[in-house]
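The values are calculated or read from the model by the stated rules, or taken from the named source; none is laboratory data. Please read these numbers as outputs of a predicted model, since none were measured by experiment. Cβ placement follows ideal geometry from the backbone for every residue including glycine, while neighbour counts extend to all protein chains displayed.
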Amino acid sequence: MEFEQLLTLIQKISDSGLTEFRLEEHGIHIHMKKKAGQAFSAEKAPAERADAFILPSYETENASEVVYREGHLVTSPLVGTFYAAPQEGTEPFVSVGDSVTRGQVVAIVEAMKLMNEIESEFDGTVAEVFVTNGQAVEYGQPLFRIR
């Protein structure tokens, strides 16, 4: 499935009355879920945490080629500022290659002067970190990919 097709699919599901959608095709699993009254955006990942996701990568020599990676997303549950470490000058909670367990704190998102610990909902290995320390994040924005 091409990235543009995925965006079209998200928009169609958003515009419909469906609240949940699953697709398995060629080893790729897509699961979208929304609460009544919510809508997905073709510009951002669904706010609900999915069992699995597909993320396009443009890290190939051919800019028109899209490579899809599978894994689990840890997303931001709120709008705020992302912090990778418990305090300035200390090691980050997790880095690429680190093993994580369900419930382990992987980051902090500060919102309205409150520090909110972000926990992994999955066991696995940190495959990617999508944001940098001090970066502003949106609700539902991917922070980590766990495989």
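Here are some notes:
- Test: residue in region 61-69 that is among the acidic types (D, E), touching a His at 6+ places or on another chain (Cβ under 7 Å) and at pLDDT below 65: no
- Boolean, F144 is among the aromatic types (F, W, Y) and either under 26 Å from L6 (Cα atoms) or assigned to a loop (DSSP other than H, G, I, E, B) (or both): yes
- In the set (1) at pLDDT 90 or above; (2) surrounded by 19 or more Cβ atoms within 10 Å (Cβ to Cβ), Q135 fails one condition alone, (2).
- Any hit, region 80-95, residues being surrounded by 15 or more Cβ atoms within 10 Å (Cβ to Cβ) and of a type in the set (D, E, K, R): no
- Yes/no for T132 being touching a Lys or Arg at 6+ places or on another chain (Cβ under 7 Å), hydroxyl-bearing (S, T, Y) and touching a residue at least 12 places away in the same chain (Cβ under 8 Å): no
- Residue within region 94-103 that is modelled with pLDDT of 90 or more, not in a loop (DSSP other than H, G, I, E, B) and not assigned by TED's automatic domain parsing to the domain that holds T8 present: yes
- Inter-residue pairs, beta-carbon under 7 Å, first assigned by TED's automatic domain parsing to the domain that holds E128 and within 16 Å of Y139 (Cβ to Cβ) and in region 104-115, second of a type in the set (S, T, Y) and at pLDDT 90 or above, 6+ apart: A107/Y83; I108/Y83; V109/S76; V109/T81; E110/T81; E110/Y83
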